[in-house]
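So the structure is just underneath, and the comments pick up after that.
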Amino acid sequence: MNSLLRQHRYALGIALQRLMRQPFSSLANLCIMALALCLPVLGAAILDAARPVTRDLSITPELTIFMKVDAPREAGTQVLERVRNAQDSSIQSARLVTKENALASLQRTPGWREALAVLPDNPLPDAITVTFAAGPNATDTASRLAEQWKAWPDVDRVQLDSAWMQRLEALASTARIALLLLAVAVGLVVLATVFNTVRMQALTQREEIAVARLVGATESFVRRPFLYQGALSGLLASLLALVFAALALRPMNSALTRLAQSYDTTISLQLPALADLLPAIIITAALCALAARWSVTRHTRF
């Protein structure tokens, strides 16, 4: 057991020496790998910031029936009763939002308070919000009922509010797939970099490896330093990628803060949680070690 530990300690020391022997070349390779790894980290930070928005949005169909501005006050109540009496099982709920309540809600929003203060009277109509139960045909049912309700007396227009939510969810799904493909592409670039680096190192030390075999060195003894070199490269590149990502997020957050302030909201991009980053770092180091093993196995057969 002690002999095995000494061999691993020796292999780790050799790997560190090889990295330190050519510091500029090693640093250049690590920076290239880190810049590539930085891209999916930034993409994950953007998706994490957008996740609360898409999670809180309901993609169940919702209709809003806008009454005419000059419609009598009881017209909204009558339309609400007609909707509730429609005997359609897909209708989950319906509620009346009076023009007074709608105005009060907008006045509580800082962005609208100043604009509404200059108006002489309330420009908003009464509205009935109808929510449909989720189902495979819910959107079709909502569209069909919207066409019918447009023809009712005192109804100005009917708006289907779920279409943009579904488009947003589809966009978020597309972004997640694109991020996954980007991560795979970045992984291939990093593995190719490690493979080529170990290949060059193995070809440079061909005579040293040949002498070690002549004096009885096993294949595992020969390969082990290269495996540690690949794992260390993946580990250091991952940590350096987090540093690059953190530096890149600072100007991005400054720009987003100015944009969010114009909408009276807050947006902040942050690195993924440590529980998500740690497995990714371990997997990166392990894959780099496998790439190093493949490279040294192919290029030390002499």
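Worth a mention:
- Output for segment 71-101, where each listed residue is part of a loop (DSSP other than H, G, I, E, B), within 16 Å of ALA146 (Cβ to Cβ) and aliphatic (A, V, I, L, M): ALA86
- Test for LEU236: is it under 23 Å from CYS31 (Cβ atoms), open to solvent by 60 Å² or more (accessible area, probe 1.4 Å) and outside any helix (DSSP H, G or I): no
- Residue match in segment 243-255 (condition: farther than 15 Å from ALA291 by Cα and touching a Phe, Trp or Tyr at 6+ places or on another chain (Cβ under 8 Å)): no
- Residues being open to solvent by 60 Å² or more (accessible area, probe 1.4 Å), in a helix (DSSP H, G or I) and within 29 Å of SER26 (Cα to Cα) - total across segment 239-278: 9
- Verdict on PRO136 being open to solvent by 40 Å² or more (accessible area, probe 1.4 Å), modelled with pLDDT under 85 and not aliphatic (A, V, I, L, M): yes
- Among the residues making up segment 139-151, those that are over 14 Å from THR64 (Cβ atoms) and either surrounded by 12 or more Cβ atoms within 10 Å (Cβ to Cβ) or among the hydroxyl-bearing types (Ser, Thr, Tyr) (or both) are THR139, ASP140, THR141, ARG144.
Here is a yes/no grid of residues against (1) in contact (Cβ under 8 Å) with a residue 24 or more places away in the chain; (2) in contact with a Gly (Cβ under 9 Å, 6 or more places away or on another chain); (3) within 20 Å of VAL155 (Cα to Cα):
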| site | (1), (2), (3) |
| --- | --- |
| MET67 | yes, yes, yes |
| ALA71 | yes, no, yes |
| GLU81 | no, no, yes |
| ARG84 | no, no, yes |
| SER93 | yes, no, yes |
| THR98 | yes, yes, yes |
| LEU106 | no, no, no |
| THR109 | yes, no, no |
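- Residue within segment 9-23 that is surrounded by 12 or more Cβ atoms within 10 Å (Cβ to Cβ), of a type in the set (S, T, N, Q) and free of Cβ contacts under 8 Å to residues at least 60 places away in the same chain present: yes
- Residues (farther than 21 Å from PRO120 by Cα and surrounded by fewer than 16 Cβ atoms within 10 Å (Cβ to Cβ)) located in segment 93-105: SER93, ARG95
- Identity of the residue in segment 198-233, at pLDDT 85 or above and of a type in the set (Ser, Thr, Tyr), that ends up least open to solvent (accessible area, probe 1.4 Å): SER233
The values are calculated or read from the model by the stated rules, or taken from the named source; none is laboratory data. In this text, all values refer to a predicted model and were calculated from it rather than measured experimentally. So basically every Cβ, Gly included, is an ideal-geometry build from the backbone, and we count neighbours across all protein chains shown. Please note that ligands, DNA and RNA were not included when accessible areas were found on the heavy atoms of the full protein model with its side chains. Shrake-Rupley method; radii C 1.70, N 1.55, O 1.52, S 1.80 Å.
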